[in-house]
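Below is one structure, written out as structure tokens; the observations come after it.
The values are calculated or read from the model by the stated rules, or taken from the named source; none is laboratory data. What you see is a predicted model; the values in this text were computed from it and never measured. Neighbour counts are summed over all protein chains in view; Cβ atoms, including those assigned to glycine, are modelled from backbone coordinates with ideal geometry. Quick note on the areas: whole protein, heavy atoms, side chains included, nothing else; ligands and nucleic acids left out. Shrake-Rupley method; radii C 1.70, N 1.55, O 1.52, S 1.80 Å.
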Amino acid sequence: MKRLVLGVLVVILVFGCGVNALAKVKIGVAMPTQSLQRWNQDGANIKALLEEKGYEVDLQYANNDVALQVSQLENMILGGADILVIASIDGSALGTVLAVAKEEGIPVIAYDRLIMETDAVSYFTTFDNYMVGVMQGQYIVDALDLENAEGTFNIEIFAGSPDDNNALHVYSGGFSAIKPYIESGKLVVPSGQTAFEIVATPQWSTERAQARMDNLIAANYTGDTELHAVLCPNDSTALGVINSLAGAGFEEFPIITGQDCDIATVKNIIAGRQSMSIFKDTRILAARAVAMIEAIVNGEEPEINDTESYFNGIFYVPTYLCEPVFADIDNYYELLIDGGYYTPEQIFD
Ligand code: BGC
């Protein structure tokens, strides 16, 4: 904080001399990768909002490379960043570099993904990840009408990256919704693979999800066994599952869930290959991070609405949880196109 107070003092002095004051407050924004559409939107939204308000922004993407993200953060600190906004790759790998940030008095906002095992993180903003999972699991329960339908249904389960704290929350939410039906025998997991460690997908990778689905099909679905649903934690893993099913000659697709509402996914929803995705409006999350920055710069406490869900191994990080909603064939147009998130051309051309 020392450094920030200094920064604000400089700003006040410079402002007195008639120079654009806020240009002096530097925000380092570290994003995990450009390979997933959402992070490009997140980064672009934060940068645009901050620049509109006169901040200087150093936005970096780390190609899912943990060492690269660490060195980008080191450079931001050396370059005089006043506040850091970080969507981590490996949530537990930033302790050392953030200890330096803390020493320098630089507040750290964990963006979308919690930063683990450090007291150097100041605030966290994300969408309610447990709720994301519950909505995915409940979608399957409703789509298969498990309360009323006769017979049993087969399901396979995928989870996200084990180094991303979000993955466990999403998995736990999803599993909580389908668990009663697995216990009653209404839902069957032919592979028997349900534990997080077994169904996790390192780096949320499309290729890894595809490879695992290839194995599941080869081992369990070559005969008459039908596959009715695949609980997928996000769009990149869902895409791997869809590629695998298409490669294996599936023409009718099971219920497949997702998260992010990527353009490719919306196209798959329209084509009947994916059933739903969770819409986490990156404009809302970016605006929340910017509101946190503004509060810190003004010496106020940022608004938070959760202090008991996100324990990072050291403490419960003060969090602002945004609310996810789901998109499917029935509401995607209104939600995503009428809502101005995508243009019709992006989806239909
Ligand atoms: C995010 C998801 C995203 C996934 C893969 C998670 O931390 O919450 O929105 O799909 O990472 O990048």
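Reported value for the stretch 103-255: 113 Å³ per residue, from the convex hull of its C-alpha atoms.
Stretching Glu147 away from Asn40 to a fully extended chain increases their span by 34.5 nm, per 0.36 nm per residue minus the current alpha-carbon distance.
Per residue, the average separation of C-alpha pairs within less than 8 Å and at least 6 apart gives the stretch 207-349 a relative contact order of 19 percent. By DSSP, the beta bridges lying fully in the chain are antiparallel in about 20 percent of cases. Over the stretch 207-345, all Cα pairs binned in 5 Å intervals from 0 give whole-percent P(r) values of 2, 9, 15, 16, 13, 12, 11, 10, 6, 3, 2, 1, 0, listed from short to long. Cross-linked pairs Lys179/Lys267; Lys26/Lys47; Lys179/Lys280; Lys53/Lys102: Cα-Cα separations exceed 22 Å for Lys179/Lys267; Lys179/Lys280; Lys53/Lys102. The chain: percent of C-alpha pairs farther apart than 39 Å? Distances greater than 39 Å cover 19 percent of the Cα pairs.
Compared with the dominant Cα axis of the chain, that is its longest principal axis, helix 129-143 is turned about 20°.
Using every pair of separate Cα atoms, the Kirkwood estimate puts the hydrodynamic radius of the stretch 189-255 at 12.0 angstrom.
Shape summary: the stretch 120-179 maps onto an equivalent ellipsoid whose semi-axes, from the alpha-carbon gyration tensor, are 29, 12, 6 Å in decreasing order. The solvent-accessible area of Asp338, taken with every protein chain present and a 1.4 Å probe, is close to 110 Å². Considering helices alone, the calculated mean residue ellipticity of the chain at 222 nm is -13500 deg cm²/dmol, with DSSP H runs of length four and up weighted by -39500 (n - 2.57) and normalised per residue. In the chain the longest region clear of GluC sites (Glu not before Pro) that are loop-assigned by DSSP and have at most 13 other C-beta atoms within 10 Å covers 1-146.
Considering only Ala87, Thr237, Phe175, and ranking their Cα positions along the charge dipole of the chain that arises from unit charges at the beta-carbon of Lys, Arg, Asp and Glu, the one farthest toward the positive end is Ala87.
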